[in-house]
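Written below as structure tokens is the structure these notes are about.
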Amino acid sequence: MQIGAVLPHNEIGTDPEAIKAYAQGLEALGITHLLIYDHVLGADPDRPGGWSGPYDKDIAFHEPFTFYAFVAAVTTRLELVTTVLILPQRQTALVAKQAAEVALLSNNRLRLGIGTGWNAVEYEALNEDFSNRGKRQAEQVSLMRRLWSEDAFSFKGDYHRITQAGINPRPSRPVPIWFGGGAPALIKRCGELGDGWMPLGGPSAKSQACIDALRAHREAAGQTWEGFGIQAQAQFAGGTPERWRAHADKWRAMGATHLAVATHNAGDTDVDGHLARVGAYLEAVS
């Protein structure tokens with residue numbers, strides 16, 4: 001099981017030198033992958049009707065593709081993972097183009113974790129339909145894979161139309177697509193179309209049921225389980241080496257291939273503080 005880190009999005013700040021030091025520090029520790037969360041806009045709690053959600057306009061999120069283009073230039077091994085990019089609130093061809101560019105400039109280190117999201121405020125601002133986001137996501141995945149692998153082509157789906165066009169340059173291989181979420185329809189879509197799964201919860205009976213369902217859906221779709229990944233997460237805050245180790249062991253037993261630790265809300269917010277926590281966690285679970 002590979003050990004990664006979650007970008008402390010609201011604590012890492014905006015100093016390019018600090019972000020460079022953080023990314024290079026992760027590589028020096030032996031961390032294999034970095035996860036980045038995705039939100040484009042934050043709602044103002046004083047907006048008409050009010051707002052209650054896990055984040056608002058005062059919580060900072062770096063833009064995934066731009067951030068990873070920078071990180072790709074200052075690292076050599078770190079896998080760059082979106083966890084998760086809210087795909088249906090974006091234009092599909094543009095995402096394919098942006099992902100292709102990051103994959104090219106990072107020597108195929110991009111792993112695209114995608115989700116459907118929950119924040120209708122973002123969908124409204126980005127002029128996309130919140131109500132059909134799950135159905136559109138499946139078509140988006142099929143279209144992006146064609147854009148990454150084919151020259152000019154025509155495509156007419158329920159939500160997209162391309163008339164003899166394509167993107168250039170294209171990555172030397174398709175970008176891996178992992179699905180985040182746990183709803184039954186998402187699990188089915190992930191089993192049929194995904195390269196991996198990103199659970200929202202811990203190593204629980206519910207997660208095991210999702211893994212069992214994924215296996216069944218892949219078998220029904222004629223897909224192999226070999227090479228299919230599971231990206232789990234852990235929290236540094238409130239933990240001890242013993243608790244981290246027990247949590248990681250449960251994920252290992254369930255077949256997780258990757259586990260990333262989140263170090264925000266747990267102490268010093270500077271680069272040294274975050275790297276120290278990553279190092280302590282890595283030592284505990286390795």
Leaving ligands, DNA and RNA out of it, rank Asp270, Asp38 by accessible area with a 1.4 Å probe, largest first.
Asp270, Asp38
Counting other Cβ atoms within 10 Å, keep those with at most 15, restrict to DSSP loop, and tell me which trypsin sites (Lys or Arg not before Pro) in region 1-79 are left.
Lys57, Arg77
List the pairs from Lys135/Lys156; Lys97/Lys188; Lys206/Lys250; Lys57/Lys97 whose alpha-carbon separation is above 24 Å, in the order I gave them.
Lys97/Lys188; Lys57/Lys97
What the 5 Å binned alpha carbon P(r) of the chain shows, as percent of pairs per bin from 0, is 1, 5, 12, 15, 18, 18, 15, 10, 5, 2, 0, 0
Charge sum, other residues only, whose C-beta stays under 11 Å from His274's C-beta, Lys/Arg counted +1 and Asp/Glu -1:
-3
Could you tell me whether region 64-206 comes out rounded, prolate or oblate from its Cα gyration tensor? Rule is a ≥ b ≥ c as square roots of the eigenvalues, rounded for a/c under 1.5, then prolate if a/b exceeds b/c, otherwise oblate.
oblate
Going by the alpha-carbon gyration tensor, a ≥ b ≥ c the square roots of its eigenvalues, is region 158-204 rounded (a/c under 1.5) or, if a/c is not under 1.5, prolate (a/b greater than b/c) versus oblate?
oblate
Comparing Ala96, Ala253, Ala276 in a Gaussian network model of the chain (Cα, 10 Å), the one with the largest mean-square fluctuation is Ala253
Region 94-128 residues near the modelled Ala165 label - backbone nitrogen below 19 Å, point 7 Å along Cα→Cβ:
94-101, 127-128
Dipole of region 184-264, Cα-centred, from +1 at each Lys and Arg C-beta and -1 at each Asp and Glu C-beta, to the nearest 20 debye?
200 debye
Cleavage-rule hits (GluC sites (Glu not before Pro)) in region 219-257: DSSP loop, at most 13 neighbouring Cβ within 10 angstrom
Glu226
Please state the charge dipole magnitude for region 146-186, taken about the Cα centre, from unit charges on C-beta atoms (+1 on K and R, -1 on D and E), reported in debye and rounded to the nearest 20.
40 debye
Taking the Cβ of Pro176 as the centre, find all other residues whose Cβ is under 14 Å away and add up their charges (Lys, Arg: +1; Asp, Glu: -1).
+2
Surrounding net charge for Ala43, when Lys and Arg each add one and Asp and Glu each subtract one, Cβ distance under 9 Å
-1
Which of the chymotrypsin sites (Phe, Trp or Tyr not before Pro) found in region 173-255 are in a DSSP loop and have at most 16 neighbouring Cβ atoms, other than their own, within 10 Å?
Trp225
How large is the dipole of the chain about the Cα centre if only Lys and Arg carry +1 and Asp and Glu carry -1, each at its Cβ, rounded to the nearest 20 debye?
1040 debye
In Hz, Karplus ³J(HN,Hα) per residue of region 101-111 (6.51, -1.76, 1.60; θ = phi - 60°; x = Gly, Pro):
5, 5, 4, 4, 6, 9, 6, 6, 9, 8, 10
Which whole-number value in Å² is the accessible area per residue of the chain, probe 1.4 Å?
46 Å²
Approximate spin-label separation Ser52-Ala246, in nm, with each point projected 7 Å along Cα-to-Cβ:
3.3 nm
Could you derive backbone 3J(HN,Hα) for region 143-155 from the dihedral phi with the Karplus parameters 6.51, -1.76 and 1.60 (θ = phi - 60°), listing whole Hz in sequence and x where the residue is Gly or Pro?
5, 4, 5, 5, 5, 6, 10, 10, 6, 4, 8, 10, 9
Pull up the DSSP beta bridges for the chain and report the antiparallel fraction as a percent, rounded to 5.
10 percent
R0 of 45 Å, Cβ-Cβ distance Asp44-Thr224: FRET efficiency to nearest 0.05
0.40
Considering the options Ala280, Ala18, Gln140, tell which one lies farthest towards the positive end of the dipole of the chain, charges being +1 on Lys and Arg and -1 on Asp and Glu at the Cβ, about the Cα centre.
Gln140
Starting from the amide H of Ala260, placed 1.01 Å from N in the peptide plane, find each other amide H under 5 Å away whose residue is 5 or more places distant or on another chain.
Gly4, Ala232, Gln233, Ala234
Using a Gaussian network for the chain with springs between C-alpha atoms less than 10 Å apart, which of these wobbles most: Met254, Met198, Met144?
Met254
Can you work out the Karplus-derived ³J(HN,Hα) for every residue in region 193-199? Use 6.51 cos²θ - 1.76 cosθ + 1.60 with θ = phi - 60°, whole Hz, and x for glycine or proline.
10, x, 9, x, 10, 10, x
Tell me the angle of helix 64-74 to the major Cα principal axis of the chain, expressed in degrees between 0 and 90 and rounded to the nearest ten.
60 degrees
Out of the total accessible area of the chain (probe 1.4 Å, heavy atoms of protein only), what percent is carbon and sulfur?
51 percent
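The values are calculated or read from the model by the stated rules, or taken from the named source; none is laboratory data. Since the structure is predicted, the reported quantities are computational estimates derived from the model, not experimental observations. With ideal geometry, Cβ positions are generated from the backbone for all residues, glycine too; neighbour counts draw on all protein chains shown. We work out accessible area using only protein heavy atoms, side chains counted, and drop any ligands, DNA or RNA first. Shrake-Rupley method; radii C 1.70, N 1.55, O 1.52, S 1.80 Å.
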